[in-house]
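The numbers here are math on the coordinates, done by the rules we state, and not lab data. Just so it is clear, the structure is predicted and the values come from calculations on it, not from any experiment. Every residue, glycine among them, receives a Cβ derived from its backbone with ideal geometry; neighbour counts consider all protein chains shown.
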Amino acid sequence: MYLQEIKIVDLQTSSWDKTVSNKTTADYVFKEKRYINYRGDRAAAPPFKFVWGCYNQLDNFRDVREWKTRYKATEVTVDDPYWPEGITPTNGKYIEGDAILMKVPILEYARKRKAEIARSESRPEAIKRNFAAETKAMGLNLSDEELDRLLSSRT
């Protein structure tokens with residue numbers, strides 16, 4: 001199973017027996033289980049985007065710190081009303097292998113994705129500019145049409 005396939009249960013809108021369930025061991029007894037859903041049911045759309053971040057003790061949790069400082073993310077803990085289905089908490093946090101479940105405020109996540117998309121879309125132009133500068137340094141002064149033809153050819 002891949003991390004992105006793990007469903008997040010919304011404990012606020014789910015119906016579960018709090019008297020026999022144990023949050024610290026993730027032993028829940030559900031009457032009705034509701035999953036996080038950003039597209040359909042508005043009641044199950046939290047103000048966070050859930051992401052799996054690298055949880056590596058060898059680099060002193062550098063990636064977790066980056067998520068916290070750059071995107072205002074926090075770890076999902078047993079005190080939060082969310083549970084990644086099938087994951088047992090470790091030290092009160094949801095860790096699976098070398099990944100930890102983080103929640104990023106939805107607006108911060110949108111800003112992050114916008115910047116990633118802008119970088120991705122500007123990449124072909126940057127490659128073309130670098131290639132043009134490289135050919136010019138070699139003494140070839142190519143027009144835009146010639147550059148396009150060279151970059152699009154498969155030979």
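Between rounded, prolate and oblate, where does the stretch 52-102 land on the alpha carbon gyration tensor, with a ≥ b ≥ c its root eigenvalues, rounded for a/c under 1.5, else prolate if a/b exceeds b/c?
Values: a/c = 2.27, a/b = 1.38, b/c = 1.65.
It comes out oblate by the Cα gyration axes.
Can you list residues from other chains, or at least 5 along the same chain, whose modelled amide H is less than 5 Å from the amide H of Tyr35?
Asp10
Considering the options Ala133, Pro47, Ala26, tell which one lies farthest towards the positive end of the dipole of the chain, charges being +1 on Lys and Arg and -1 on Asp and Glu at the Cβ, about the Cα centre.
Farthest along the dipole direction, towards plus: Pro47.
Of the cross-linked pairs Lys31/Lys93; Lys23/Lys49; Lys114/Lys136; Lys18/Lys114; Lys49/Lys128, which ones have a Cα-Cα span greater than 31 Å in the structure shown? Don't jump to the answer; show the numbers that get you there.
Numbers: Lys31/Lys93 24 Å; Lys23/Lys49 22 Å; Lys114/Lys136 33 Å; Lys18/Lys114 40 Å; Lys49/Lys128 35 Å.
Check vs 31 Å cut-off fails for Lys114/Lys136; Lys18/Lys114; Lys49/Lys128.
Starting with the highest mean, order 120-128, 53-61 by the number of other Cβ atoms within 10 Å, averaged over the residues of each peptide. Mind dumping the intermediate values first?
Numbers: 120-128: 10.3, 53-61: 13.0.
Going from most to least packed, we get 53-61, 120-128.
Quick check on the stretch 82-142: take the gyration tensor over C-alpha atoms, sort the square-rooted eigenvalues as a ≥ b ≥ c, and tell me if it's rounded (a/c under 1.5), prolate or oblate. Don't jump to the answer; show the numbers that get you there.
Values: a/c = 6.38, a/b = 3.12, b/c = 2.04.
Judged from the Cα gyration tensor, the stretch 82-142 comes out prolate (a/c at least 1.5, a/b above b/c).
Is the C-alpha gyration tensor of the stretch 1-68 telling us rounded, prolate or oblate? Criteria: a/c under 1.5 is rounded; beyond that, a/b larger than b/c is prolate, otherwise oblate.
Details: a/c = 2.53, a/b = 1.54, b/c = 1.64.
It is oblate, given that a/c is not under 1.5 and a/b is not larger than b/c.
Using per-residue counts of other Cβ atoms within 10 Å, averaged over each peptide, order 103-112, 26-35, 141-150 from highest down.
Working: 103-112: 16.1, 26-35: 13.1, 141-150: 11.6.
Averaged packing, sorted descending, gives the order 103-112, 26-35, 141-150.
Normalised by the number of residues in the chain, what is the relative contact order in percent for Cα pairs under 8 Å and 6+ residues apart? Walk me through the numbers on the way to the answer.
Details: 193 pairs, mean separation 32.3, N = 155.
For the chain, the relative contact order is 21 percent.
In the Gaussian network model of the chain, springs joining C-alpha atoms below 10 Å, which of Thr69, Thr19, Thr77 carries the largest mean-square fluctuation?
Checking each option, the largest mean-square fluctuation is seen for Thr19.
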